[in-house]
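Undergrad: One structure is given below, represented as structure tokens, and several questions about it will come after.
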Amino acid sequence: MTKNRPQTHFFKIIFIISILLLFCFPQTASLQTASVEYICAGTDYETPVYIIKTDYKKPAIMIVAGTHGNEKAGIKAAEYLKDNLHIERGTLIIIPKANILACEENIRCFPPEINLNRVYPGNPQGNPVEKLAYEIFNLIKKYDIGLLVDLHESIEFYRKNPKNYGQTVIIDSDDDCLFELSSFLVEEMNKEIIEGGNKYQVLVDPVKGS
């Protein structure tokens, strides 16, 4: 059962993001182009950023995975999306391996004592991880991102242990449209889940420290 869990999470993430993008990107046909740029270029943290554009800049969405290098489902999902997703309007930015050194070492953080998820908005004069956070934050401003999807895993489900955030969709806005969309996604996901403690739910307040 444990061996199949990352694969199961991968397909769930693909489903959620596909439905999300279907709602966020209006279906007006436009030519799609793809390119790659790099953050922290020339350093050990050099990380590819995949940019998918159409003739219309908006809406602009960013997907970030690999903040924690041992959370493989989100990384696999982001890699799959960059290679297979077609959008008809707007801009999509995908960072599959935000902390590429942690991903390569298959560990949560690299270096272990600095958590990328805790140092935003970063510092251009700080340590390498703070510089990485700063460059990711600058991408958000550069492309005027309207929605950011940050992919993570957890060791336990929130319904069973509220100290962990597995099986949650967490939104940091009380926007009614975003809440309704998130609730719809959760409802669709839960149709395939029998055990109540394993079901998804929407949390509105951001997680402290993230």
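Undergrad: Name the single residue, out of those in the range 181-210 being without any contact (Cβ under 8 Å) to a residue 40 or more places away in the chain and more than 19 Å from the chain's Cα centre (by Cα), that is surrounded by the most Cβ atoms within 10 Å (Cβ to Cβ).
TA: Checking each candidate, the answer is 190.
Undergrad: Where in the range 139-206 are there strands (runs of 3 or more DSSP E), lying fully within it, with 1 or more residues that are modelled with pLDDT of 90 or more and touching a Lys or Arg at 6+ places or on another chain (Cβ under 8 Å)?
TA: none
Undergrad: Condition (residue is surrounded by fewer than 17 Cβ atoms within 10 Å (Cβ to Cβ) and either in contact (Cβ under 8 Å) with a residue 60 or more places away in the chain or in contact with a Ser or Thr (Cβ under 8 Å, 6 or more places away or on another chain) (or both)) applied to the range 99-110: is it met by at least one residue? I'd like the intermediate steps shown before the answer.
TA: First, pick out the residues of the range 99-110 that are surrounded by fewer than 17 Cβ atoms within 10 Å (Cβ to Cβ): 104-108.
Keeping just the survivors that are either in contact (Cβ under 8 Å) with a residue 60 or more places away in the chain or in contact with a Ser or Thr (Cβ under 8 Å, 6 or more places away or on another chain) (or both) gives none.
No - not one qualifying residue is present in the range 99-110.
Undergrad: What do you reckon, is residue 56 assigned to a loop (DSSP other than H, G, I, E, B), aromatic (Phe, Trp, Tyr) and surrounded by fewer than 21 Cβ atoms within 10 Å (Cβ to Cβ)?
TA: Details: assigned to a loop (DSSP other than H, G, I, E, B): yes; aromatic (Phe, Trp, Tyr): yes; surrounded by fewer than 21 Cβ atoms within 10 Å (Cβ to Cβ): yes.
Spelling it out, residue 56 is indeed assigned to a loop (DSSP other than H, G, I, E, B), aromatic (Phe, Trp, Tyr) and surrounded by fewer than 21 Cβ atoms within 10 Å (Cβ to Cβ).
The values are calculated or read from the model by the stated rules, or taken from the named source; none is laboratory data. All values reported here derive from a predicted model rather than from experimental measurement. Positions of Cβ are generated from backbone atoms using ideal geometry, with glycine treated the same way; all protein chains shown enter the neighbour counts.
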